[in-house]
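Asker: Dumping the structure here so I can ask a few things about it.
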Amino acid sequence: PEVLKGTQKGIIFALLAAVSFSIFNISGKSLTQKYSIWTGLIYLLGAATLFWSFINTPMDIINAQYTAEDWKVFGVIALISILVPYSLYYYGLHHIQSSKAIIISTLEPVVTIASEWMFLNGTMGPIQIAGAVCVVRVRLRVVLVSRHA
């Protein structure tokens, strides 16, 4: 029950994430038509870096006094969770329509939950199972509707 409650700040950030993901998909498709995949990624990730530099300023990072080991971990996380997935997504976006890419990307939470369960011995509680079922049902409905259109 507590997990279902959101703070006003959390809801605002979730809505901003949805808007930024939409902008990423719309602008990403047009960027893939004009530039190479890597150039487009530099623009998109550069814009994200600029945005986050106002939220978590360079002085905040310096004052945190991260160790070299911390920076190694940050680098691995950035590579695995940002650079590789976004490169693959952006490459796919170059080859398919934005609307189809968005539909396919709705499987991300389902794959995440299943991966945690398979590789990290995670548990799938009722909320995770219900969420996965909802995502798959909506995705199937959208696919079926788009095939008839």
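The values are calculated or read from the model by the stated rules, or taken from the named source; none is laboratory data. Here the structure is a predicted model, which means the values were calculated and not measured. Cβ sites come from the backbone with ideal geometry, for glycine too, and all protein chains shown count toward neighbours. All accessible areas refer to the heavy atoms of the entire protein, side chains included, with ligands and DNA or RNA removed. Shrake-Rupley method; radii C 1.70, N 1.55, O 1.52, S 1.80 Å.
Asker: Within region 95-127, how many residues turn out to be in a helix (DSSP H, G or I) and closer than 27 Å to R141 by Cβ?
Answerer: 22
Asker: Tell me, which residue of region 104-113 that is among the aliphatic types (A, V, I, L, M) and open to solvent by less than 40 Å² (accessible area, probe 1.4 Å) is nearest to A132 (Cα to Cα)?
Answerer: It comes out as V110.
Asker: Here is a follow-up. Looking at (1) open to solvent by 70 Å² or more (accessible area, probe 1.4 Å); (2) part of a helix (DSSP H, G or I); (3) at pLDDT 85 or above, which is the one condition that is false for Y66?
Answerer: The number of the failed condition is (2).
Asker: Another question, if that's okay. Which ones in region 50-63 are polar (S, T, N, Q) and surrounded by 10 or more Cβ atoms within 10 Å (Cβ to Cβ)?
Answerer: Passing the criteria: S53, N56, T57.
Asker: Condition first: open to solvent by 80 Å² or more (accessible area, probe 1.4 Å) and within 23 Å of K34 (Cβ to Cβ). Can you find one or more residues in region 75-86 that meet it?
Answerer: Yes, region 75-86 contains a residue that is open to solvent by 80 Å² or more (accessible area, probe 1.4 Å) and within 23 Å of K34 (Cβ to Cβ).
Asker: Taking region 5-64, which residues are touching a residue at least 12 places away in the same chain (Cβ under 8 Å) and charged (D, E, K, R)?
Answerer: K29
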